[in-house]
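Heads up, the thing below is written out as structure tokens.
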Amino acid sequence: MPRSHLCATVFVIACAACADERAISVERLNPEYFESAATCVKRINGFRAGLGLPAYERWDGGEACANSQARHDRATEQQHSQFGKCGESAQNACRDYPSIDETIEQCLQDMWDEGPGSDFSTHGRFTNMSATAYTEVACGFAQAPDGTVWAVQNFR
């Protein structure tokens, strides 16, 4: 997978009011993304378990917002175009994968395979996935009419 398909950003967000925690059911908005988000979190936690790290909690209250970020990224063809909008402290992104399943399987694997290492510019996605500073992750997806998928994983 070309490295251009992967991207990560990390910032400390000091504004707690930036988080959009409205009680909008992701399942009500898009049932297939609800199940995909659960699979995404389970996959990330499977990687973490291999290092003896505690599981991230599923941040389901952030999934509708993460879906919105993925849609915006896809529409603008700019990863991380709305980073911080959901109150996350770090974000990984996948672009132009052929399906949601391939995004969860291959994109997350590609990110995990970057690490470990101390240089964030080359190991940042692994660093976000393996961090102990975060306790939750929300996975968001956007599928284009041609079936390609953009996704984000927001960590807090």
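The values are calculated or read from the model by the stated rules, or taken from the named source; none is laboratory data. Since this is a predicted model, take the numbers as computed values, not measurements. Cβ: placed from backbone, ideal geometry, glycine included. Neighbour counts: every protein chain shown. Areas reflect the complete protein model, heavy atoms only, side chains present, ligands, DNA and RNA absent. Shrake-Rupley method; radii C 1.70, N 1.55, O 1.52, S 1.80 Å.
Which whole-number percentage describes the relative contact order of region 54-156, with Cα contacts under 8 Å and a sequence gap of 6 or more?
It rounds to 43 percent for region 54-156.
Tell me, what is the per residue accessible area of region 21-156 in Å², probe radius 1.4 Å?
Value returned for region 21-156: 44 Å² of accessible area per residue.
At R0 = 25 Å, how high is the FRET efficiency between T148 and F120 if r is their beta carbon distance? Nearest 0.05 is fine. Don't skip to the end; give the middle numbers.
Numbers: r = 28 Å, r/R0 = 1.10.
For T148 and F120, the calculated efficiency is 0.35.
Sorted by mean Cβ packing within 10 Å, highest first, what order do the peptides 115-127, 88-100, 67-79 take?
Most protected by this proxy first, the peptides run 88-100, 67-79, 115-127.
Once the Cβ-Cβ distance between S81 and A49 is put in as r, and R0 is 30 Å, what FRET efficiency do you end up with, to the nearest 0.05?
Calculated value: 0.40.
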